[in-house]
Amino acid sequence: MVPWIVALPLAGALVNGLVGGRLGRRGTSLVACLAVLGAFLLSVAATQALVASPERPAQVVRLFEWIAVADFRISAAFQWDPLSALLALVVTGVGFLIHVYSVGYMAEDPDYSRYFTYLNLFVASMLVLVLGANLLVLFVGWELVGLCSYLLIGFWFERPTAAAAGRKAFVVNRIGDAAFVVGILSVWGLLGTLEFREIWRLLGEGGGALRGHPGLVAAALLLFAGATGKSAQLPLYVWLPDAMEGPTPVSALIHAATMVTAGVFLVGRLWPLFEAAGPVLAAVVAPVGAATALFAASVAVAQYDLKRVLAYSTISQLGYMFLALGAGAGHAAFFHLTTHAFFKALLFLAAGSVMHAVHGQIDLRHLGGLRRSMPLTFLGFVVGALSLSGIPPLSGFWSKEEILHAARAHAAGIWVVAMATSFVTAYYATRAAVLAFWGEPADPHAHPHDPPPAMAWPMVGLVVLSAFGGFLGAQWAGAPLRAFLQPLFGDHGEASSVAGAEVAVAVAVALAGVVAGWWAHRARQEPDLGPLGRALAAQWGVEAAYHRAVVRPAKALSQLLAERVDAGAVDRAASGLADLVVRAAAAVRTWQTGNVRQYAAGVLAGAVVLFAYWVLR
């Protein structure tokens with residue numbers, strides 16, 4: 001079944017790409033949605049088989065031999081184990097709901113078939129990434145996901161901002177991908193294999209003699225650099241807020257179920273390598289995740305574009321996941337990845353519903369009073385915001401508690417940063433809900449309403465998952481997700497149960513954030529934060545620093561090369577050579593007079609010269 005999980009969305013992309021224009025909107029949407037639904041049902045069936053036989057090792061399906069050069073042999077192969085099963089379920093399940101939502105959201109768009117072609121290809125690419133049995137197959141999916149994000153972020157390419165955002169995402173990801181490629185080469189040079197099963201076999205039980213090897217540390221750092229690019233961690237986060245220029249369902253798919261989770265998945269897939277690298281997880285991954293979580297959460301406080309608030313929220317929550325990985329809590333990271341997919345998709349779809357109802361308006365200063373006219377959207381956004389904030393018993397509470405527990409066991413400083421992030425997260429989530437849905441309508445002449453059924457039902461499904469999905473990993477429910485991932489991550493740092501006092505402190509901090517957000521914005525006013533507010537609005541100067549250190553010098557260098565080197569030297573040299581050829585041709589052209597006797601004399605003169613040469617020789 002595993003190859004068909006990839007083949008169905010890929011077939012949907014091919015059908016809609018080749019003949020989508022002839023199928024009509026109904027046929028196009030049916031092909032796209034049924035392809036992803038079929039992949040989801042196959043993933044469910046394959047996961048059931050995995051759960052029924054938990055003692056079975058990872059299953060590898062080899063399709064064909066891809067590369068065979070001397071001793072270097074790579075198969076195009078897929079691997080089915082608990083980690084790939086979990087990600088396949090998230091990608092296809094949440095992806096299907098977003099496809100259905102897109103049917104209503106994109107109903108009036110003239111490029112309907114192109115949109116669903118890209119969307120199906122996006123899902124297929126992510127499935128190649130999570131199912132790849134070796135680093136090269138994973139890398140193919142990795143690059144295809146980057147390509148699809150470029151196509152979908154810049155889907156409305158006639159808008160300069162959308163085209164620029166697509167280019168920015170592509171360029172920033174290339175930086176991380178360059179490090180990723182070198183990391184792959186380092187793994188091959190050190191271990192002589194790129195197969196995940198072989199890497200786990202060689203580096204199991206702490207890495208043995210290779211533990212702490214400098215080459216292994218370098219490979220882990222390079223691979224983590226690739227993960228920071230794809231998962232928008234400091235300092236390579238700058239592409240993700242601009243990615244909001246794409247259609248809102250695309251934002252939901254990128255942030256919830258695909259692309260940005262790829263970096264987290266990479267670290268989980270190469271878990272023995274990162275553990276064997278020694279200090280990398282604790283000294284690099286955890287601090288980067290913690291710093292990113294607090295940084296992005298603080299920036300979200302000062303954003304007025306609702307989608308950008310959610311974008312910085314995604315960056316922050318991904319920081320939580322890397323924090324958990326750095327603390328050795330692989331179960332907690334992937335538990336939070338799963339719940340985050342539920343509530344973040346819900347938040348984005350609710351934001352899309354708001355845009356759909358108020359003609360594209362997304363500025364929180366121009367919204368308000370929507371809870372009366374859009375009760376379903378209001379319910380969805382509030383459930384998503386409370387789950388994001390970690391309020392029990394919603395899904396985000398259970399996974400965030402696991403991360404906070406792991407952070408406390410790992411390092412006091414990391415735990416303090418995680419708790420501060422929890423407070424700020426609850427604050428900006430409440431702020432967004434209050435500014436968008438409370439108070440009086442900003443436009444009394446507008447008549448917003450809840451979305452049509454095609455957009456409403458996916459939101460209802462995500463409300464249920466955001467409310468109850470956390471029970472998959474809750475300790476009182478037996479933590480089935482932890483048991484499912486046990487063969488991969490063991491009990492590293494998570495065997496002890498979370499203390500009641502610890503939970504009470506975390507919930508109190510989250511509730512304090514909710515209360516502070518409500519109190520500060522209950523009258524739909526913004527408190528004056530002075531220099532701090534300006535620093536937050538300017539992203540602590542990071543974008544400005546990028547502009548000064550990278551963008552401006554790059555533009556100056558490009559202008560120098562274009563005007564001085566290209567136009568002044570290369571073009572002048574080429575033009576001079578062309579002018580020389582023209583002049584030589586003009587001189588030679590005078591020999592062609594049309595006089596036959598002159599041509600005969602020339603032939604005679606040539607014959608005499610040749611005869612003289614042979615005689616003298």
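The values are calculated or read from the model by the stated rules, or taken from the named source; none is laboratory data. All of these numbers come straight from a predicted model, not from anything done at the bench. Because the Cβ atoms are built from the backbone with ideal geometry, glycine has one as well, and the counts that use them run over all protein chains shown. Surface accessibility is based on the protein's heavy atoms, side chains included, excluding ligands, DNA and RNA. Shrake-Rupley method; radii C 1.70, N 1.55, O 1.52, S 1.80 Å.
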Scan the stretch 351-359 and tell me whether some residue there is over 24 Å from the mean Cα position of the chain (by Cα) and part of a loop (DSSP other than H, G, I, E, B). yes
Does the stretch 439-472 hold any residues that are open to solvent by less than 40 Å² (accessible area, probe 1.4 Å) and within 24 Å of the chain's Cα centre (by Cα), and which are they? Met455, Pro458, Met459, Gly461, Leu462, Val463, Ser466, Gly469, Gly470
Checking the condition at pLDDT 95 or above and open to solvent by 20 Å² or more (accessible area, probe 1.4 Å), which residue from Leu87, Leu42, Leu23 passes? Leu42
Restrict the check to the stretch 498-506 and report whether at least one residue is among the charged types (D, E, K, R), open to solvent by less than 70 Å² (accessible area, probe 1.4 Å) and in a helix (DSSP H, G or I). yes
Among helices (runs of 4 or more DSSP H) entirely within the stretch 528-617, at least 2 residues that are more than 30 Å from Asp305 (Cβ to Cβ) and not hydrophobic (A, V, I, L, M, F, W, C) occur in 571-589, 596-616
So if I check each of Ala436, Ala406, Ala418, Ala411, which one is modelled with pLDDT of 95 or more and either open to solvent by less than 20 Å² (accessible area, probe 1.4 Å) or of a type in the set (Gly, Ala, Ser) (or both)? Ala418
Looking at the stretch 272-284, can you tell me whether even one residue there is of a type in the set (D, E, K, R) and open to solvent by less than 10 Å² (accessible area, probe 1.4 Å)? no
Take the residues in the stretch 292-310 that are within 15 Å of Leu536 (Cα to Cα) and within 19 Å of the chain's Cα centre (by Cα), then tell me which one is most open to solvent (accessible area, probe 1.4 Å). Arg308
Consider the stretch 131-174. How many of its residues are among the hydroxyl-bearing types (Ser, Thr, Tyr) and crowded, with 24+ Cβ neighbours inside 10 Å? 1
Assigned to a helix (DSSP H, G or I), more than 22 Å from Phe295 (Cα to Cα), open to solvent by 10 Å² or more (accessible area, probe 1.4 Å) and not charged (D, E, K, R): does that describe Leu253? no
The listed residue being small (Gly, Ala, Ser), at pLDDT 95 or above and open to solvent by less than 10 Å² (accessible area, probe 1.4 Å), out of Gly369, Gly319, Gly330: Gly319
Filter the stretch 1-16 down to the residues that are in a helix (DSSP H, G or I) and open to solvent by 50 Å² or more (accessible area, probe 1.4 Å), then identify the one that is farthest from Ser113 (Cα to Cα). Trp4
Restricting to the stretch 45-83, and then to whatever is in a helix (DSSP H, G or I) and touching a residue at least 60 places away in the same chain (Cβ under 8 Å), can you tell me which residue is most open to solvent (accessible area, probe 1.4 Å)? Val51
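The rows are residues; the columns are (1) more than 20 Å from Lys344 (Cβ to Cβ); (2) part of a helix (DSSP H, G or I); (3) in contact with a Phe, Trp or Tyr (Cβ under 9 Å, 6 or more places away or on another chain).
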site	(1), (2), (3)
Val181	yes, yes, yes
Thr193	yes, no, no
Ala225	yes, yes, yes
Ala232	no, no, yes
Pro249	no, yes, yes
Leu281	yes, yes, yes
May I ask you to say which residue of Ala277, Ala283, Ala302, Ala252 is out of contact with any Ser or Thr (no Cβ under 7 Å at 6 or more places or on another chain) and without any contact (Cβ under 8 Å) to a residue 12 or more places away in the chain? Ala283
Asp242 being among the acidic types (Asp, Glu), in contact with an Asp or Glu (Cβ under 8 Å, 6 or more places away or on another chain) and open to solvent by 10 Å² or more (accessible area, probe 1.4 Å): no
Residues within the stretch 516-549 that are open to solvent by 40 Å² or more (accessible area, probe 1.4 Å) and touching a residue at least 60 places away in the same chain (Cβ under 8 Å), tallied: 9
Candidates Leu83, Leu129, Leu89 - the one that is within 26 Å of the chain's Cα centre (by Cα), more than 30 Å from Leu191 (Cα to Cα) and not hydroxyl-bearing (Ser, Thr, Tyr): Leu89
Kindly indicate whether Leu561 is under 30 Å from Glu55 (Cβ atoms), surrounded by 11 or more Cβ atoms within 10 Å (Cβ to Cβ) and aliphatic (A, V, I, L, M). no
Cβ contacts < 9 Å: first residue within 10 Å of Leu370 (Cα to Cα), restricted to the stretch 434-447; second residue modelled with pLDDT of 90 or more and in a loop (DSSP other than H, G, I, E, B), any location; separation 6+ or different chain. Result? Leu435/Tyr304; Phe437/Met374
Only one of Ala426, Ala446 is outside any loop (DSSP other than H, G, I, E, B) and among the aliphatic types (A, V, I, L, M), namely Ala426
